[in-house]
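Working notes for the structure below.
Values in this text are rule-based calculations from the coordinates and carry no lab data. This structure is a prediction, so every number in the text was calculated from the model and none was measured. Note: ideal-geometry Cβ built from the backbone for every residue, glycine included; neighbour counts use all protein chains shown.
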Amino acid sequence: MVYRYRIRDLAEENGISLYRLAKMSGLLPATVYAIARGETQPTPETLRRLHQTLETLLNREVSLDELIEVKRTT
């Protein structure tokens, strides 16, 4: 299985820059950009921070299904 993290989609759909998401999450912007481009996989702690920050910025609960897309490989 391959995982795609939809942080760019969620941020852009709601007018939030990846830079702002990174800063509010306490992460380096380069880390967030690399995750958004699929160049690296986030650690559980990084994913937790991004998830919490998105919920705060969007002022709503964000399900993990919204955040993580699972693609099956054959």
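Tabulated data for the structure shown
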read-out: Under-5 Å amide H pairs with Ile68, H placed in peptide plane, nonlocal only; value: Arg6
read-out: Relative contact order %, region 2-71, counting alpha carbon pairs below 8 Å whose residues are six or more apart; value: 48
read-out: Region 2-71 shape via C-alpha gyration tensor axes, a/c threshold 1.5; value: rounded
read-out: Residue-count net charge about Glu39 - beta-carbon cut-off 13 Å; Lys, Arg +1, Asp, Glu -1; value: +3
read-out: Rough spin-label spacing in nm, given labels placed 7 Å along Cα→Cβ, for Thr40 and Arg4; value: 2.1
read-out: Residue-by-residue Karplus 3J(HN,Hα) for region 29-42, coefficients 6.51, -1.76, 1.60, Hz, glycine and proline x; value: x, 4, 5, 5, 4, 5, 5, 4, 7, x, 7, 8, 9, x
